[in-house]
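What follows is a short report on a single structure.
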Amino acid sequence: MSKNVAFPFPGLVKGMWVTLKALFKKAPVTMYPDVQEIPVPRARGVISLDVDACTVCMLCARECPDWCIYIEGHKEEQPPSKPGGKPRVRATLDRFDIDYGLCMYCGICVEVCPFDALFWSPEYEYSETDVINLLHNKERLTEWLATVPEPPALER
Amino acid sequence: MEFVDNFWFQLVLKLAGILGVVLTGALVVIYAELKIGSHMQTRIGPYYAGGRWGWAQPLADGLKFLQKEDLSPTGSDRTVYGFAPYVVMMATIAVFVVVPFGPDMVGANLDLGAFYLLAISSLSVLGVLMAGWSSANKYSLIGGLRAAAQLIAYELPLVLAVVAVVIQAGTMSLNGIVDAQQQTWFTIGSFNISAPFIIQGQILGFAIFMIAAVAELSRIPFDMPIAESELTMGYLTEYSGIRFTMFFLGEYASMISLSAIAATLYLGGYAVPGVHGNIVNLLGPGVLLTKVAILVFVIIWIRWTWPRLREDQLQTLAWTWLIPLALLNIAIVSIFKVVF
Amino acid sequence: MTTPEMIHRSETAVSIELQTPDMTLNIGPQHPSTHGVLRLVANIDGERVTDVEPVIGYMHRGYEKLSEVRTYAQITALVNRIDWVSGFANEVPFIAGVEKLMGVEVPERAQWIRLILSELARISSHLVFMSSYPLELGATTPLMHSLREREYILELIEEVTGGRFHPNFNRVGGVKPAYGGGSTTKKQSMDLPEGFFQRTADAMDRMDVICDDIDQLVTGNELIKMRTVGVGVIPGSKALEYGLTGPNLRASGVAYDLRKADPYLTYDQVDFDVAWRPEGDCYDRYVVRLEEIRQSARIVRQAIDKIPSGPLQAKVPRVLKAPKGQVYSRAENPKGEFGYFIVSEGGKIPYRLKIRSTSFSNLSILPWILKGQLVPDLVAIMGSLDFVLGDVDR
Ligand code: SF4
Ligand code: SF4
C-alpha cells in the first residue's frame, strides 16, 4: 500500500457517508413522459414557418450550412392594388421542406430571414420511427407557429 | 404423518425450499441493488415495471434475457462454454444445503459443514475459469485468469478466518457453531450472557471474512475479473441469453449465500437470544434473513461508493495483510481458548 | 511399441520451452473506456503493456476541408461541434481570429458574455471529467452526481443561447444580437434574460457544494489514491516536448495558462489563481481540474458583478468579407490551448483553416506514457488525459 494511505481510511468512510445521504434525498428527476420538461423560451426545438410572410427569397436555403431546406415557388399575378395600376407579382411557395434528419439546429436560417417568416419553437416532441417523416413540409412547419413563445424579459 | 419422515418427501421439500430461497432471494437482491444504487446516485431506478416502484424489473429483465439469442463465438469450445454458467450456478446453490435457517430447518446438518462450505464455494471459480478460457476472446481470457488468481489469493484468508471460528466453537457443524454462540459466555449475578462471535473477540476475523467474501464475489472494489472499463465485461463478455442470466443470478445468489455464512459464523445465525425449542424453527429464517439483508446492503453500499483496486494491489492486500492478520487472529483465538 | 522416431519426437516436445509470446490486444474502437472510437493496438505481456499504438481517425469529419466551402457564419456553427463537451469555448478563438483579420472592435458587454459562457463551458467540461474519470476507476456514483450538476450549467447556457451543447452564439463583432433579420425579429434582443445573474450565482454556489461532495467521494478516497498517485507520471519537460497544454500541462508543474500568459477577452480584469500541481501523475491531473471548477466559479461570480451594459455587437457589414491575410488565434479551452490558423484570400470564405485541437496534441503522448504500464493503469492514464474523440479527429 502506498504511503499516503493510512489505516482508519477516513476517505472511504466519508465517501460512504455521501452516498448514504444521497440515498435519502429526493431524486431531482423529471418523470418524462408523465411529466413534461418545460423548455426555456429560447430553446432551439423546431423551426416554424409563417407562409404568408415568406417571399421565396431563398436566403435561408442558401445560408443553411448543410443545405437541408428545400424551397420551390412560382410567381403569381395579382390584381393591382388600386384600379388602373400595374398588376402586382407575388411569389408563392409551392414547397418548403426542412429535413430534420440533416438539420443541425444552428439557427442560421432563422437569423438570415429578412421577412420574419421563420421562428424557433421550443417544442421537442417530434421524433419519428421512420427517418423520412423527419422531412417536415410547409403545412407541418406552419403548425408549429402556434407554439412560438414570446421572447423572455431581459436583464438590465 | 408417516410420510413426513419419508426420505424422498423430505428431499423434494428441501430442494424446493432451497431453490425457492435462492431464486427469489436473488431476484430480491437484484431489485434492491437496482433501487439502492439508483437512489444513491440520486436517480429513481426501476419505476414502471409491475406498476408500483418497478418491483417487477428483475423479472422483466430475466424474461428479456431468456428471449435473447444464445450466442457462442466462433472458435469457442462449445461444450465448456455452454457448461460454465451451470457450474457457477450449481456451486452457488450447493452452498445453501448446509446453511441452517433453524435448528431443524437445514438441508443437511453435516458434521463437517464449515469444511463443505469452503470446498463448494471455491468451486464457482472453476466455472469462471471455464467461461474465460472457452470464450475465445482475449478479454474473457484475461478476466478468467484474473479471477483464478484472485480466488487463490482470497480463499486462504477466508479459510483462515473460518478456522478461527471453528476453534472457538469447537465444532465444524454449522448448527453447532450457532449453538456455541448461544452458550453462556460469562455470568453476571444470575444472568447468563451469551453473545455472537463477532462480539466475543472475532471482529478482526469478521472483517477479514467479509473482505475475502467480497473478493470472492468479485464485486467492487475487487471486481477486476469483470472490470468493465478495462476488460469490457471480463469473462462475461461473450455471454448472452440464458447463460448470462445464470451468471447473473449466480452472482446475486452467492452474495446471499456468503452473507448467510457470515451471519451464521459471526452474527449468531438463526438464534434468537432467550428463545428455545421449536419456535426457533419458525423465527429462525426471519432472523437469519434480516442479518443477511443487512450484510447485503453493506455490500451493495460499498459497490456504489468505492472504485476498484488494481490487480497487483489486490494481491498485495491479500498476501501481505489479510493472511498474516488471519494467522494472528487464529493465534489469539487459540490462546484465549486454551487459557480460559 | 516405441519407435526411435517417437522417442525423438517426445524429446523435442520436452525440450520446447513454454512459450509466452506477447498478446496483441485491440482496445477499441468500441470499448467502454476509449471515450468514443479511439483504437489502441496494445502488445501486452501478461498484464503489462509492452507497446501501444493509438489508431485515430474513426471520427474524422473533415472540418478543415468543410470550412473551405463555408462562410464564416456557417463555420461558427460547425466548430462548436469539435469538442462537444465545451461547445461555446471552441467558438471563441475562431471568432476572435476573424475579428482580428477584419479589424473589428468587440463591445465590452459582448466580451463579458463570452467570458461567462466560456467559463460555464469549462465547468461543464470538467464536470464531465469528474464523472467519467472515477467511472473508469470503477466508482459509479460520482458520474451521476456530477452530471446532475452539469445539467444546471447546461440550462444556463441554453437559457442564453438556445442550445445546450452547440450554442452557436458568437457573431463576428460580438455575440448574437437578435433573434432574426426581419423587421420585428431584429428588434428582439438576444441579451441575457431576466434573472440570469441570480440563477448563475445560485448555480455557482451549487458548484461549490458539488466540489465538496466530489472531494469527499473521490479526492480523499484511499482507493482512488492507490490507483492514481504516482501512476502515469509526466515530467514537465516531457509534457512540453509533446505539446501538452491545459490541465495536463499544469499538473506537471508548469503553471502555463493562456488566460494569464496571453490574456484575451477580459480575463485581465478578473482575479483568479492558476491551478497547478507539481507531480504530474493522474491524481494531480484530477486535482487540477477539480480546482479549476472552483476557480471558474470564482471568475463567473466576479464577471456577473462587473459586466457593463451596452451593445451586443459592433457594427459589421451584412456580408462578411475578411481581407487578405492570415492569423493564428488561440484560447485556453477546458482541455488546453485551442487555436485556429485562418488564411484568407479575401472573400466570404476562408482559403484554409487549420485547427489546432487540444485533444489531438494531448493524445500524442499516449505511446510514450503507456509503455510498460499495467492494463488497469492504461485505463487510468488514458482517462486522466481527458480527451474527446471529436476533438482528436475533427
Ligand atoms: S437550423 Fe441550420 S441546419 Fe437547420 S435548417 Fe436552419 S440553417 Fe439549416
Ligand atoms: S429567408 Fe425567409 S423569406 Fe426567404 S425563403 Fe427563407 S423563409 Fe422565406
- Item | Exclusive hit being open to solvent by less than 30 Å² (accessible area, probe 1.4 Å), modelled with pLDDT under 85 and within 14 Å of another protein chain (Cβ to nearest Cβ), set B:54, B:37 | B:54
- Query: Among the listed residues C:285, C:330, C:289, C:318, which satisfies the condition of being under 24 Å from the mean Cα position of the chain (by Cα) and either at pLDDT below 85 or surrounded by fewer than 23 Cβ atoms within 10 Å (Cβ to Cβ) (or both)?
  - Reply: C:330
- Note on the structure: The correct count of residues that are more than 14 Å from every other protein chain (Cβ to nearest Cβ) and within 15 Å of ligand 1 (Cβ to nearest atom) in region A:86-118 is 7
- Message: I'd like to verify a number: residues in region B:114-161 that are out of contact with any strand residue (DSSP E or B) (no Cβ under 6 Å at 6 or more places or on another chain) and of a type in the set (D, E, K, R), how many?
- Response: 2
- Item | Test: residue in region A:74-91 that is exposed (fewer than 13 other Cβ atoms within 10 Å of the Cβ), farther than 23 Å from residue C:158 by Cα, within 20 Å of the chain's Cα centre (by Cα) and free of Cβ contacts under 8 Å to residues at least 40 places away in the same chain | no
- Message: Given the criterion away from every other protein chain (no Cβ under 12 Å), open to solvent by 30 Å² or more (accessible area, probe 1.4 Å) and in contact (Cβ under 8 Å) with a residue 12 or more places away in the chain, identify the matching residue among C:300, C:270, C:233.
- Response: C:233
- Query: Being within 13 Å of chain B (Cβ to nearest Cβ), in contact (Cβ under 8 Å) with a residue 60 or more places away in the chain and open to solvent by 20 Å² or more (accessible area, probe 1.4 Å), is that true of even one residue in region C:185-200?
  - Reply: no
- Message: So if I check each of C:163, C:182, which one is within 16 Å of ligand 2 (Cβ to nearest atom) and part of a loop (DSSP other than H, G, I, E, B)?
- Response: C:182
- Query: Between residues in region B:145-159 that are within 15 Å of residue B:209 (Cα to Cα) and residues that are at pLDDT below 85 and not in a helix (DSSP H, G or I), which pairs lie under 6 Å by C-beta distance while being six or more apart or on different chains?
  - Reply: B:155/B:122
- Task: Considering only residues that are within 18 Å of residue C:210 (Cα to Cα) and surrounded by fewer than 14 Cβ atoms within 10 Å (Cβ to Cβ), look in region A:21-58 and name the one that is nearest to ligand 2 (Cβ to nearest atom).
- Result: A:28
- Query: Among the residues of region C:202-213, is there at least one that is open to solvent by less than 20 Å² (accessible area, probe 1.4 Å), free of Cβ contacts under 8 Å to residues at least 12 places away in the same chain, out of contact with any Ser or Thr (no Cβ under 7 Å at 6 or more places or on another chain) and within 12 Å of another protein chain (Cβ to nearest Cβ)?
  - Reply: no
- Which of the residues spanning region C:236-253 are of a type in the set (Gly, Ala, Ser) and either over 29 Å from residue C:152 (Cα atoms) or surrounded by fewer than 23 Cβ atoms within 10 Å (Cβ to Cβ) (or both)? C:236, C:237, C:239, C:243, C:252, C:253
- Message: Within region A:96-103, does at least one residue satisfy the condition of being touching a residue at least 60 places away in the same chain (Cβ under 8 Å), surrounded by 19 or more Cβ atoms within 10 Å (Cβ to Cβ) and in contact with a helix residue (DSSP H, G or I) (Cβ under 9 Å, 6 or more places away or on another chain)?
- Response: no
- Message: Take the conditions facing chain C (nearest Cβ under 8 Å) and within 16 Å of ligand 1 (Cβ to nearest atom) and apply them to residue A:62. Does it pass?
- Response: no
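The values are calculated or read from the model by the stated rules, or taken from the named source; none is laboratory data. Remember, predicted model here, so these are calculated numbers, not experimental data. Note that we place each Cβ from the backbone using ideal geometry, even for glycine, and neighbour counts take in every protein chain shown. We work out accessible area using only protein heavy atoms, side chains counted, and drop any ligands, DNA or RNA first. Shrake-Rupley method; radii C 1.70, N 1.55, O 1.52, S 1.80 Å.
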